[in-house]
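So the structure is just underneath, and the comments pick up after that.
The values are calculated or read from the model by the stated rules, or taken from the named source; none is laboratory data. This structure is a prediction, so every number in the text was calculated from the model and none was measured. Ligands, DNA and RNA are stripped out before the accessible areas are found, and what is left, the full protein with its side chains, is counted by its heavy atoms. Shrake-Rupley method; radii C 1.70, N 1.55, O 1.52, S 1.80 Å.
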Amino acid sequence: MKVIEGKNRIFDMSFYRESEDLQRDWQLDESYMNTERLEHHKNDLIAYIIWSDAEPQKQYNVYDKNKEGKVIKRVHFIEGQLVE
């Protein structure tokens, strides 16, 4: 990745569980009449990580959800330290 001096980059990663709606071989579909994106599967999101060049500390959000995807518990970490 090319680094441009004076510009900050933001990196993020999302982790999803396999489900009936979000299977292992899921593919992005942005065809004309059908739009299927990961944003439509937030019920299956189990963890999210974000960091940037400006503030290199990684922040983690881990979600405990029920089968319907409702958040039961959210745990937030900064560089491995639990934040309450």
Next item on the list: Answer with a single label: of (1) 15, 35, 31, 18, 2; (2) 18, 53, 26, 2, 0; (3) 17, 48, 28, 7, 0, which was calculated as P(r) over Cα pairs in 10 Å bins from 0, in percent from the structure in view?
Entry: (1)
Margin query: Just to confirm, what accessible area per residue do you get for the chain at 1.4 Å probe, in whole Å²?
Written below: 85 Å²
Next item on the list: Treating cross-link reach as a plain straight distance, find the lysines whose alpha-carbon is under 19 Å from the alpha-carbon of residue 58, omitting any fewer than eight places away in the same chain.
Entry: 7
Next item on the list: With an 8 Å cut-off on Cα pairs and a minimum separation of 6 or more residues, tell me the relative contact order of the chain in percent.
Entry: 24 percent
